1. Being in a loop (DSSP other than H, G, I, E, B), under 21 Å from the mean Cα position of the chain (by Cα) and buried (at least 19 other Cβ atoms within 10 Å of the Cβ): is that true of residue 572 here?
2. When residue 141 is evaluated against the numbered criteria (1) touching a residue at least 12 places away in the same chain (Cβ under 8 Å); (2) within 21 Å of residue 237 (Cα to Cα); (3) outside any loop (DSSP other than H, G, I, E, B), which criterion, by number, is the only one it fails?
3. On the given criteria, is residue 421 at pLDDT below 95, within 24 Å of residue 511 (Cβ to Cβ) and within 21 Å of the chain's Cα centre (by Cα)?
4. Can you name the number of the only condition in (1) assigned to a loop (DSSP other than H, G, I, E, B); (2) surrounded by 14 or more Cβ atoms within 10 Å (Cβ to Cβ); (3) free of Cβ contacts under 8 Å to residues at least 24 places away in the same chain that residue 184 fails?
5. From (1) within 19 Å of residue 386 (Cα to Cα); (2) in a helix (DSSP H, G or I); (3) at pLDDT below 95, pick out the condition that doesn't hold for residue 176.
6. For the stretch 241-289, which residues satisfy the criterion of being touching a strand residue (DSSP E or B) at 6+ places or on another chain (Cβ under 9 Å), assigned to a loop (DSSP other than H, G, I, E, B) and surrounded by fewer than 24 Cβ atoms within 10 Å (Cβ to Cβ)?
7. Quick check on the stretch 17-49: of everything there that is at pLDDT 95 or above, outside any loop (DSSP other than H, G, I, E, B) and out of contact with any helix residue (DSSP H, G or I) (no Cβ under 7 Å at 6 or more places or on another chain), which residue is nearest to residue 260 (Cα to Cα)?
8. When you go through 304, 299 one by one, which is the residue that is under 30 Å from residue 101 (Cα atoms) and in contact with a helix residue (DSSP H, G or I) (Cβ under 9 Å, 6 or more places away or on another chain)?
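The values are calculated or read from the model by the stated rules, or taken from the named source; none is laboratory data. Just so it is clear, the structure is predicted and the values come from calculations on it, not from any experiment. Glycine gets a Cβ as well: all are built from the backbone with ideal geometry, and neighbour counts include every protein chain shown.
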C-alpha cells in the first residue's frame, strides 16, 4: 500500500520540492536542531516536538532560569509541508511514522486487508506539520464533561483563556464572536483563501434546511461553517512555525532532531530522572533535574511508557519488561472520529475540484507570486456542519459533516485509493462509472463515537511499531449515527441550492452490498462497514481521571500515577475525545500543561 502510493507521488513531489527550495526562498529556511549543544543535565526534558510538545517546550523556555531539552524523533519539515494544498504528499512519507492499523472486524471491508494507513507526524511540529490545518476547538460541553468526570480545572470556562492565549486571529468572518478569539498570540488562524463554487451552494443548502452559518469556535456548534485554518499568508502555520521557531534560538532551549527516545529512566524511588535515546547511530542519555514530560502523541506516548515499564503489568510481563508501575489504562481507551468515505455526487463541469485545478501553471504562478489560489489552501474539505444530537443535550452533536469539493476519483485513481487505503479492486468496481468527473463528497464523522480501541506493544523493542486497533464501529450506536449522517447528507444534496449545480448521486450499488435493498438502513450499514475508517484524530490512550478511575493514567495536573517527576502532555490524556478536529485542543493541552508546571515550580 505505502510503496505504491509513494511511487506515484515521488516524481511530482521531487519536482515541487526543487521548485520550492529554489524559488520560494523562505520555505524550510530554519534549522531547529541544536544537538551540537547537547548537555547531560536539564531541568526539563520534553519527548516529542508535536502539537503539544513544541508548544509546551516553547512556553517552558520563557523561564530564563530553566534549561529545556526537546527531543524529536523526526527531522526538519520538508519544503512541501509549507504549501497548504500539498498535505496529501506528506502522508506515508518521510515526515510520517507510516503506521498501519490492525485488521478490523467491524469495518474497513472496502480497504486493503481491512487495514488502513494511520498518519502521524514524525517531524518538527508533529501532526500539525502534516495535517489538514483545520482550527476547531471542540464543543464547550466536551470540556465541562471532562471536569464532571473528576478533572477539576478543565471546564470550558477554564480552558477558553488558553485557546485565546495561543491564537492570532486574522480572519474576516467572525466579528460578532470576536470575544471568543485571540489576537496577537503565536498561532495564526485565518480564513481559507480559496474555494470552489460549491461552497456557496453548501452554505445555502444549510440555510434552506433551517441552519445558520456559524462560527464553530464561538458559543455553540449547531449549524454550517467555513473552517478557520492554521495558515499565515498562504503558508501552513504549524506549532513548529508558531511556537518553536521563535523560541529555538533561546540559549536555554536545546532541540535535538532525529532523536528516538527508547526508554524513560527511573531511580529506586520510581522518580523519572531522564531518558535514553538513539541519535546519530548511538545510544545517548540525558538527565532531568525536575521533570520528564512525554508528548509523543496518542500512539507513541503509551508505547514509550510501556517499553519503560509503565502500563498493564500482564502485558508488560508478556514482553519481558520489568514493571515500574502497573497502570491498566496505558494504551487503552483509544478513540478516533471514524469517518465515512465514498458518498459521492457528481456535478456540472467547472463547479468543483478537478485534477487540473492544482496541476496547472496558472495555479503555480498565482501561489509563487502572491501565496493565493488553489495551492494556498488545503484542497477538498471546504466546510463543516453539525446537527442536533438525538440523545442527551441536543447542542452536543454526535455527527460532524465534512463537505469535500471533490471525489475519490479526482485523480483518476493515481494516488487517492492508496492514500485512503481503499481496496483497489473494489475501488474500480464501484467508482469506474464516474472516474475523473467533477463532484463532491459528504463525509459524516462520528464526533462522540462509543467504540473503543487500543494501542499495545508488538514487542519490547521501542523501534517496532505499536499495534494500533481502532476497533471502528464495534458499538451499535456508532452504526446508527453513521446511518443518520448518511440520510442527512442526502437531504443536503437534494436541496434546491445544491441541485443548481447539476447534482447527481452515484447510486451504483456497492459490490458486496447488493443483497440489501438499496438505500435501506441495512444497505447503508453494509456501505458503512465497507467505507468507514480513520480521520487521523486519535485520543485517549493515557486517560486523565481521578484516583478512583482504575483506567486513569494521569491526574488532572497531567502527572503520571504510580511514579513521580513524569507527566504526559498531549491528546492521549483526553478522557473523552473532543467532538471535532483535535489539533486546536491538543495545542491548548500543551499550553495548560506548561502553566501547571510553572505553577508547581513556583514561577507563575
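1. It is false that residue 572 is in a loop (DSSP other than H, G, I, E, B), under 21 Å from the mean Cα position of the chain (by Cα) and buried (at least 19 other Cβ atoms within 10 Å of the Cβ).
2. (2)
3. Against the criterion (at pLDDT below 95, within 24 Å of residue 511 (Cβ to Cβ) and within 21 Å of the chain's Cα centre (by Cα)), residue 421 qualifies.
4. Result: residue 184 fails condition (2) only.
5. Condition (1) is where residue 176 drops out.
6. Initially, the stretch 241-289 is screened for residues touching a strand residue (DSSP E or B) at 6+ places or on another chain (Cβ under 9 Å), giving 241-244, 247-248, 250, 252-267, 269-279, 283-289.
Remaining after also requiring assigned to a loop (DSSP other than H, G, I, E, B): 248, 250, 252, 257-259, 267, 269-270.
Passing the criteria: 248, 250, 252, 257, 258, 267, 269, 270.
7. Among them, the one singled out is 45.
8. Sole residue among the options that is under 30 Å from residue 101 (Cα atoms) and in contact with a helix residue (DSSP H, G or I) (Cβ under 9 Å, 6 or more places away or on another chain): 299.
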